[in-house]
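What follows is a short report on a single structure.
The values are calculated or read from the model by the stated rules, or taken from the named source; none is laboratory data. Computed from a prediction, not measured in an experiment: that's the story for all the values here. Here the Cβ positions follow ideal geometry from the backbone for every residue, glycine too, while neighbour counts run over all protein chains shown. Surface accessibility is based on the protein's heavy atoms, side chains included, excluding ligands, DNA and RNA. Shrake-Rupley method; radii C 1.70, N 1.55, O 1.52, S 1.80 Å.
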Amino acid sequence: AMVDLATSTILETAEAVARTAHDGQVRKDGAPYTTHFEMVVAQLANDDLRVVGWLHDVLEDTPVSSEDLIAKGIPEELVSEVVLLTKKREQSYSDYISSLRSSSVARTVKKADIIANLSDNPGNRQTIKMCKALITLCQD
């Protein structure tokens, strides 16, 4: 039971970091941005995935750094997944999506992220872009 306790504490930390860092941000429809993370995390099957699910946008959209996450006790191997999920400015979207195929964790979280975004009723162009990304992520 020691291990469960440890992962649940890390999961709680990840959720708290996400809720604090994204506080006040809203979705297109005006819903709090954190509802998006709840939808992503609800699709994920284990705590490692859920930790990364909570944190997947934090480096891109808030002042939080990877060093901050490590300092808060998020394991480095999970922080590196969050880094992988953070699109670099110079990366094209398709290169970014392709880069996620190297990691089953990043790939799984990104699929959940896209599925949550598709439920947000995106326009046609966005929908096509996201569906192409899902196809890429689902290839062996």
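A few remarks follow.
- Every residue from segment 86-100 that is under 15 Å from Met130 (Cα atoms) and either of a type outside the set (Lys, Arg) or part of a helix (DSSP H, G or I) (or both): Ser92, Tyr93, Ser94, Asp95, Tyr96, Ile97, Ser98, Leu100
- Residues considered: Ser104, Ser119, Ser65. Of these, the only one that is at pLDDT 95 or above and over 19 Å from Glu15 (Cβ atoms) is Ser104.
- Subset of segment 65-81 (residues that are part of a loop (DSSP other than H, G, I, E, B), touching a residue at least 12 places away in the same chain (Cβ under 8 Å) and over 14 Å from Ala16 (Cβ atoms)): Pro75
- Subset tally (residues that are open to solvent by 50 Å² or more (accessible area, probe 1.4 Å) and more than 17 Å from Ile114 (Cβ to Cβ)) for segment 51-88: 11
Results for (1) modelled with pLDDT of 90 or more; (2) more than 15 Å from the chain's Cα centre (by Cα), shown as yes or no for each residue.
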position: Thr7; (1), (2): no, yes
position: Ile10; (1), (2): yes, yes
position: Ala16; (1), (2): yes, no
position: Arg19; (1), (2): yes, no
position: His22; (1), (2): yes, no
position: His36; (1), (2): yes, no
position: Ala42; (1), (2): yes, no
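- Cβ-Cβ under 9 Å pairs, at least 6 apart or on other chains, segment 7-26 side in contact (Cβ under 8 Å) with a residue 12 or more places away in the chain and assigned to a loop (DSSP other than H, G, I, E, B), far side open to solvent by 60 Å² or more (accessible area, probe 1.4 Å) and of a type in the set (D, E, K, R): His22/Asp61; Gln25/Asp61
- Pairs with Cβ under 8 Å, 6+ apart, first in segment 106-133 and under 18 Å from Asp29 (Cα atoms), second hydroxyl-bearing (Ser, Thr, Tyr) and surrounded by 13 or more Cβ atoms within 10 Å (Cβ to Cβ): Leu118/Thr127
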